[in-house]
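Enquirer: Below: one structure in structure tokens.
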Amino acid sequence: MSSVAQQTAIRGRFLDIQNTVLQASQISDQVRYIEDGLLITEQGKIIWFGTWEDGQSQLNKSIQVDHYPEQLIVPGFIDTHIHFPQTEMIGAYGEQLLEWLNTYTFPTEIQFANKEYADQIAYFFVNELLKNGTTTALVFCTVHPQSVDALFEAAERHQMRLIAGKVMMDRHAPDALTDTAESAYQDSKALIEKWHAKGRNLYAITPRFAPTSTPEQLERAGQLKAEYPDVYVHTHLSENKNEIAWVKELFPEQKGYLDVYHHFGLTGERSVFAHCVHLEEHEWQCMHDTDSAIAFCPTSNLFLGSGLFPLKKTWEKQVKVGLGTDIGAGTSFCQLQTLNEAYKVQQLQGDKLSAFEAFYHATLGGAKALHLDDQLGNFNLGKEADFVVLNLKATALQQLRQERAKNIEDALFALFTMGDDRNVQATYVYGNKVYEQKN
Ligand code: GUN
Ligand code: ZN
């Protein structure tokens with residue numbers, strides 16, 4: 001584990017969003033852009049932020065300043081939905097959700113019974129997040145408790161703030177991947193006691209999705225949530241039309257898909273539902289009323305042919321939303337690429353996603369969706385010092401385009417359209433530099 005840096009000082013060009021907003025139109029007023037700024041961290045937290053001119057007198061003479069004159073420094077990206085065991089299966093050909101799960105996903109996840117295997121992939125996964133500038137993620141593990149140990153152990157090496165949990169799944173999956181209502185409850189409870197709020201780790205109760213849990217198991221999940229109200233709930237919802245029809249067959253007594261989770265006490269301010277592509281009107285209302293959040297996963301929704309997520313509706317209905325890569329149905333770990341596809345998903349619906357709104361979803365908006373906006377998402381004093389140093393000109397083509405950028409908004413939009421992990425120069429977690437690109 002890396003030590004907590006006493007003090008770190010970073011000088012450069014900074015961009016963040018100062019406050020959460022209720023409407024997309026309010027975001028541009030909250031943009032804070034400092035051309036020559038200084039950020040000082042102590043014990044993992046931000047203790048000073050402002051212009052270099054104002055801040056240099058604050059600096060203790062012995063501190064070394066990491067100076068990035070050309071780059072853009074932004075808050076660490078937040079991925080609100082990703083599966084670490086699916087890292088190795090990105091690009092599995094030809095199927096939509098239900099067939100894709102049976103053909104590719106379940107056989108892949110069976111391997112995570114082996115702790116050494118889980119360790120190896122968890123290590124790779126955490127490095128890949130950091131290489132892409134993602135400093136916090138809400139993560140699915142597998143049904144095996146040891147897969148959760150593997151992930152938190154890997155994250156702790158960098159003191160990353162991760163939220164994760166053991167999959168609960170007691171039907172409609174191979175025997176090697178199923179638990180029972182009782183064992184899922186007991187195993188999840190033991191993992192909560194072991195990991196939740198230990199260091200920066202947080203736990204999420206993780207029923208895979210309604211079709212793979214019996215009503216008895218969902219009831220036990222709800223019981224756990226009632227016993228530990230500050231843990232998260234993380235699952236999938238309304239991703240694919242066949243999936244939705246299947247849930248209606250399996251739970252005919254409920255009003256719809258979301259009502260299954262709501263009935264068992266699984267909605268709420270720390271509940272995150274991945275996808276929500278095909279929500280019905282009463283479900284949007286329930287998401288709002290319960291203050292539940294959505295993880296919008298554009299590369300996955302396009303790859304699996306699931307549908308087009310109506311991002312505009314989240315503002316209309318006042319429902320929290322973050323951005324998810326959903327690896328391995330998603331096709332990139334990179335939030336820049338995820339925003340590139342998010343923009344196109346809105347274009348196909350006749351809507352616009354501005355550069356600043358996109359940036360909000362990847363940072364402070366994501367933090368809000370995870371109920372962590374008091375700790376993450378911008379450079380406000382007292383927040384945890386997770387940030388990314390971006391090189392906007394990582395290729396000759398990007399250089400050509402960026403030299404013609406009209407302003408910071410245009411530069412940001414071009415970065416989202418063309419960027420990927422080549423643009424991530426360095427990543428800092430809790431004040432420590434944990435990744436630096438080798439040229
Ligand atoms: N629904 C249930 N399980 C999964 C999964 O692993 N990936 C996606 N995209 N959707 C799911
Ligand atoms: Zn998923």
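Enquirer: Would you work out the charge dipole size for the stretch 1-141 about its Cα centre, treating the Cβ of every Lys and Arg as +1 and the Cβ of every Asp and Glu as -1, and quote it to the nearest 20 debye? Please list the in-between numbers first.
Expert: Values: 7 positive and 17 negative charges, 76 e Å.
The calculated dipole for the stretch 1-141 is roughly 360 debye.
Enquirer: With every protein chain in place, what's the accessible area of Ile327 (1.4 Å probe, Å², nearest 10)?
Expert: 0
Enquirer: For the stretch 71-148, what does the alpha-carbon gyration tensor say about shape, rounded, prolate or oblate, given a ≥ b ≥ c as the root eigenvalues, a/c under 1.5 as rounded, and a/b over b/c as prolate?
Expert: Details: a/c = 2.37, a/b = 1.48, b/c = 1.61.
Here the stretch 71-148 falls in the oblate category.
Enquirer: Can you tell me what the convex hull of the Cα atoms of the chain projects to on average, as an area in nm²?
Expert: 19.8
Enquirer: Say we join alpha carbon atoms closer than 10 Å with springs in a Gaussian network model of the chain; which of Lys194, Lys248, Lys166 then has the biggest fluctuation?
Expert: Lys194
Enquirer: Can you tell me how the stretch 189-342 classifies by the Cα gyration tensor, rounded, prolate or oblate, using a/c under 1.5 as the rounded cut?
Expert: Values: a/c = 1.57, a/b = 1.16, b/c = 1.36.
Here the stretch 189-342 falls in the oblate category.
Enquirer: Probe of 1.4 angstrom, ligands and nucleic acids ignored: what's the accessible area per residue over the chain, in square angstrom?
Expert: Values: 16220 Å² over 439 residues.
I get 37 Å² per residue for this part.
Enquirer: Can I ask one more? So what are the stretch 202-270's ellipsoid semi-axes, whole angstrom, largest first, if each one is the square root of 5 times an eigenvalue of the alpha-carbon gyration tensor? Intermediate results must be reported in sequence, preceding the final value.
Expert: Values: eigenvalues 87, 29, 19 Å².
After diagonalising the Cα gyration tensor, the semi-axes are 21, 12, 10 Å.
Enquirer: If R₀ is 35 angstrom, what is the calculated FRET efficiency for the pair Glu182 and Gln43, using the beta carbon separation as r and rounding to 0.05?
Expert: Working: r = 42 Å, r/R0 = 1.20.
Efficiency for this residue pair is about 0.25.
Enquirer: Also, I was wondering about something else. With 5 Å bins from zero, work out the P(r) of the stretch 304-424 over every alpha carbon pair and list the percent per bin.
Expert: Computed distribution, short to long bins: 2, 10, 17, 22, 21, 16, 9, 2, 0.
Enquirer: What accessible area, in Å² to the nearest ten, does a 1.4 Å probe give for Val31?
Expert: 30
Enquirer: While we're looking at this one, here's another question. Along each of its three principal axes, how wide is the spread of alpha-carbon positions in the stretch 231-282, in whole angstrom units, largest first?
Expert: 30, 22, 19
Enquirer: Between Arg157 and Ser62, what is 0.36 nm times their sequence separation minus the Cα-Cα distance? Round to one decimal in nm. Please list the in-between numbers first.
Expert: On the way: separation 95, 0.36 × 95 = 34.20 nm, distance 2.67 nm.
In short, 31.5 nm is gained.
Enquirer: Quick one: plug the Kirkwood hydrodynamic radius of the stretch 321-367 (C-alpha pairs) into Stokes-Einstein at 20 °C, 1.002 mPa s, and report D in µm²/s.
Expert: Details: Rh = 10.9 Å.
For the chosen part, D equals 197 µm²/s.
Enquirer: Taking 7 Å along the Cα-to-C-beta vector as the label spot, tell me the Gln285-Lys438 distance in nanometres, rounded to one decimal.
Expert: Here the modelled spin labels are 5.8 nm apart.
Enquirer: Thr417 versus Asn102, label points 7 Å from Cα toward the beta carbon: distance in nm?
Expert: Modelled inter-label distance: 4.2 nm.
Enquirer: How large is the dipole of the stretch 159-219 about the Cα centre if only Lys and Arg carry +1 and Asp and Glu carry -1, each at its Cβ, rounded to the nearest 20 debye?
Expert: Values: 8 positive and 8 negative charges, 106 e Å.
I would put it at about 520 debye.
Enquirer: Right, another one. With angles folded into 0 to 90 degrees, how steeply does helix 145-156 sit against the dominant principal axis of the chain? Use alpha carbons for both and round to 10.
Expert: 10
Enquirer: Mind putting together the pair-distance distribution for the stretch 362-412? All Cα pairs, 10 Å bins, whole percent per bin, short to long.
Expert: Once binned at 10 Å, the Cα pair distances of the stretch 362-412 give 23, 33, 27, 17.
Enquirer: Charges at C-beta only: +1 for Lys and Arg, -1 for Asp and Glu. How large is the resulting dipole of the chain about its Cα centre, in Debye rounded to 20? Before the final figure, lay out each step's value.
Expert: Details: 37 positive and 56 negative charges, 190 e Å.
Value, rounded to 20: 920 debye.
Enquirer: Something else about it: Distance between the C-alpha centers of the stretch 259-274 and the stretch 378-439? Whole Å please.
Expert: The stretch 259-274 and the stretch 378-439 have Cα centres spaced 35 Å from each other.
Enquirer: How much of the accessible area of the chain, in percent, comes from carbon and sulfur atoms when a 1.4 Å probe is used? Please report the intermediate quantities before stating the final value.
Expert: Numbers: 7840 of 16220 Å².
After summing per-atom areas, the C and S share lands at 48 percent.
Enquirer: So, one more: Taking amide hydrogens as modeled 1.01 Å from N in the peptide plane, which residues meet the under 5 Å criterion relative to Ile294, leaving out close sequence neighbours?
Expert: Sorted by chain and number, the residues that satisfy this are Phe273, Lys320, Val321, Gly322.
Enquirer: Here's a follow-up. Putting +1 on Lys and Arg Cβ atoms and -1 on Asp and Glu Cβ atoms, find which of Ala181, Val260, Ile63 reaches farthest to the positive end of the dipole of the chain.
Expert: Ile63
Enquirer: Okay, moving on. Report the gain in length on full extension from Lys131 to Asp230: 0.36 nm times residue separation, minus Cα-Cα distance, nm rounded to one decimal.
Expert: Values: separation 99, 0.36 × 99 = 35.64 nm, distance 2.99 nm.
Contour length minus Cα-Cα distance gives 32.6 nm.
Enquirer: Let me ask you something else. What percentage of all Cα-Cα pairs in the stretch 1-157 are separated by more than 18 Å?
Expert: Cα-Cα pairs of the stretch 1-157 separated by over 18 Å account for 70 percent.
Enquirer: Still on this model: Once both axes come from the Cα atoms, what is the angle between helix 335-347 and the longest principal axis of the chain, in degrees from 0 to 90, rounded to 10?
Expert: The answer is roughly 70 degrees.
The values are calculated or read from the model by the stated rules, or taken from the named source; none is laboratory data. Since the structure is predicted, the reported quantities are computational estimates derived from the model, not experimental observations. Note: ideal-geometry Cβ built from the backbone for every residue, glycine included; neighbour counts use all protein chains shown. Each accessible area value is taken on the protein alone, full model and side chains, heavy atoms only, with ligands, DNA and RNA left out. Shrake-Rupley method; radii C 1.70, N 1.55, O 1.52, S 1.80 Å.
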